[in-house]
Every structure is written in structure tokens, then in C-alpha cells.
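Here the structure is laid out as C-alpha cells; the discussion comes afterwards.
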Amino acid sequence: MEAQAPEDLRPFLQPTFFVDSESDVVKGFAGTHAKGQTVAERAVSLFRAVRDEILYDPYNIRLVPDEFKASVIIGRRRGYCVAKAIVLAAAARASGIPARVGFADVKNHLSTERLRRLMKTDVFVFHGYTELHLNGRWFKVTPTFNMSLCEKFGVRPLEFDGTSDCLFHEYDSRGRRHMQYLRDHGAFADVPFERIVEEFDRHYPGFFPRDGSPVGGDFEREAMQEAAGEGKERR
């Protein structure tokens, strides 16, 4: 049997338009948060920084290319799943860790009543995650939900240990299903922006205002209010 040629990782170390790992903003973020003696330790440190310091925000998405650049997202300190996956990929590349951005359709029960009403579904197409190459293999890593948001939803925050995939828990802390992966679209060296826009236009025609502005809102506050309401009902 012929030995398999090693994978060319160069495309996953280079900066791109969206994964702009050469920008001062990204390099500064990576320099601050890539802590540890080993590559895996630095990857874990970056994962936690993106998870908790870039707050999850599905209400302020603008389908404009510049808004999907890692440096811009870091400047805002908030973004939805794709945005956070882009930041982790860019920070990893800036730290010498091969990284790419992956996409999947998921059924997401970790949502609020308003978001479900606006989207008219609990299926999220082109949910974003990051793939990191460590110790000779790729790991799927999801930095989407920050710890403070997980606490409000009663969900354990995801932890990446550098040795296994880190995807959504299938059940929340009370045993309720909250995430199902339906279809994987693969991983890319750069963001397939036009394809994402096409899918969003097709699946969520009423979610994005015609003037290009975001719908607006405070997702974490909604989660807190709903959690408080559930608590009253249980009492």
C-alpha cells in the first residue's frame, strides 16, 4: 500500500479576505489570548477567549462582506456563530495553527421566542464552526455560546481540551434536547460568503430588513427573561 501524501496545510495558515489573520487587530487578539507551552494549550486558550469575549449575537447580522472580516468582528466584540468561527480561525492562523471554517445545518432549540418568530423555524442553515489542525489531525470546535449565555439557558458551556472534537451537547443540563446536526457542508479556507447570503435569502426571507439594517435586539437579555419566566412557572 502506498503511503498517503501529507496534507498541504498552507492554505489554512495564510490570511484571506475574511480570515484576515495578518491584520494588527487579529494579531493583537491572538497575542493576548494564545497562552500555553504547547500548540494544543494555545488553541484551547484561543477557543475560550473567542467563546467568552466575543458575545453571541444573532440580531445584529449585516450581510455585507466587510462585516464578516475577523478584524471587524473582534472590534465589535460580538457576532453570531459564523462570525465567532471566523475569529477563532483567524486567531489560530495568526498563532501558527492551521485552521478553516466549517458549516452545517442544525436544529437549534437553544433560542428565544422572538428569534423563532422572526426566523419562522428552529433550523439554522450554515451554522458556523471552526476546524483546528493539532497533532496531525483536524478537530471540529464550536465557540458559539459564551459562558454567561449558557448559564441563562441552563446549558453547560462547551469545553475544548485539544484532544477531541468540541461540538454542541445534545442535551441541556435538565436533559432537554437543544441541538441536532442535520447536514454538514464541509470546511473552507475562506468564507463562502455569497453562498451563505443565498441560503439566508432562501430560508429566512423576512429576517433581514430590505434596507440592509439588522433586526436589532438583545439576545442575552431575552434569554434571561425567558429563564426567569420558566422559573416562576416551575414554582
- Neighbours by Cβ (under 8 Å, 6+ apart or cross-chain): first from the range 21-47, on the phi > 0 side of the Ramachandran plot; second surrounded by 17 or more Cβ atoms within 10 Å (Cβ to Cβ) and basic (Lys, Arg): GLY36/ARG42
- Name the residues in the range 63-75 that are surrounded by fewer than 17 Cβ atoms within 10 Å (Cβ to Cβ), in a loop (DSSP other than H, G, I, E, B) and touching a helix residue (DSSP H, G or I) at 6+ places or on another chain (Cβ under 9 Å), would you? LEU63
- Item | Leading residue by the ranking (modelled with the highest pLDDT) among those in the range 53-73 that are touching a Gly at 6+ places or on another chain (Cβ under 7 Å) and of a type in the set (D, E, K, R) | ASP57
- Message: Quick check on the range 113-133. Is at least one of its residues modelled with pLDDT of 95 or more, surrounded by fewer than 19 Cβ atoms within 10 Å (Cβ to Cβ) and among the charged types (D, E, K, R)?
- Response: no
- Query: What tally of residues in the range 96-136 results from selecting those that are over 17 Å from VAL19 (Cβ atoms), in contact (Cβ under 8 Å) with a residue 12 or more places away in the chain and not in a helix (DSSP H, G or I)?
  - Reply: 17
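Just checking, does the range 144-151 include any residue being part of a helix (DSSP H, G or I), surrounded by 20 or more Cβ atoms within 10 Å (Cβ to Cβ) and touching a helix residue (DSSP H, G or I) at 6+ places or on another chain (Cβ under 6 Å)?
Checking the range 144-151: at least one residue is part of a helix (DSSP H, G or I), surrounded by 20 or more Cβ atoms within 10 Å (Cβ to Cβ) and touching a helix residue (DSSP H, G or I) at 6+ places or on another chain (Cβ under 6 Å).
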- Take THR16 and decide whether it is of a type in the set (Val, Ile, Thr), surrounded by fewer than 20 Cβ atoms within 10 Å (Cβ to Cβ) and not in a helix (DSSP H, G or I). no
- Item | Test for THR144: is it over 22 Å from ASP20 (Cβ atoms) and either modelled with pLDDT under 95 or under 16 Å from the mean Cα position of the chain (by Cα) (or both) | no
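Hey, among the residues in the range 31-52 that are surrounded by 16 or more Cβ atoms within 10 Å (Cβ to Cβ) and not aliphatic (A, V, I, L, M), which one's farthest from GLY136 (Cα to Cα)?
Let us first name the residues in the range 31-52 that are surrounded by 16 or more Cβ atoms within 10 Å (Cβ to Cβ), namely 33-34, 39-40, 42-52.
In the following step, the residues that additionally are not aliphatic (A, V, I, L, M) were identified as 33, 42, 45, 47-48, 51-52.
Details: HIS33: 23, ARG42: 16, SER45: 19, PHE47: 19, ARG48: 22, ARG51: 24, ASP52: 27 Å.
Per the criteria, the residue is ASP52.
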- Sort out which residues of the range 77-110 are closer than 20 Å to ASN60 by Cβ and of a type in the set (Gly, Ala, Ser), and write them in order of number. GLY79, ALA83, ALA85, ALA90
- Message: Take the conditions assigned to a helix (DSSP H, G or I) and not polar (S, T, N, Q) and apply them to ALA89. Does it pass?
- Response: yes
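On the basis of being outside any loop (DSSP other than H, G, I, E, B) and out of contact with any His (no Cβ under 9 Å at 6 or more places or on another chain), does GLY31 make the cut? If you could, list the steps in order and put the result at the bottom.
On the way: outside any loop (DSSP other than H, G, I, E, B): yes; out of contact with any His (no Cβ under 9 Å at 6 or more places or on another chain): yes.
So GLY31 passes the test.
The values are calculated or read from the model by the stated rules, or taken from the named source; none is laboratory data. Because the structure is a prediction, the values reported are computed rather than measured. All Cβ positions, even for glycine, are placed from backbone atoms using ideal geometry, and neighbour counts span all protein chains on display.
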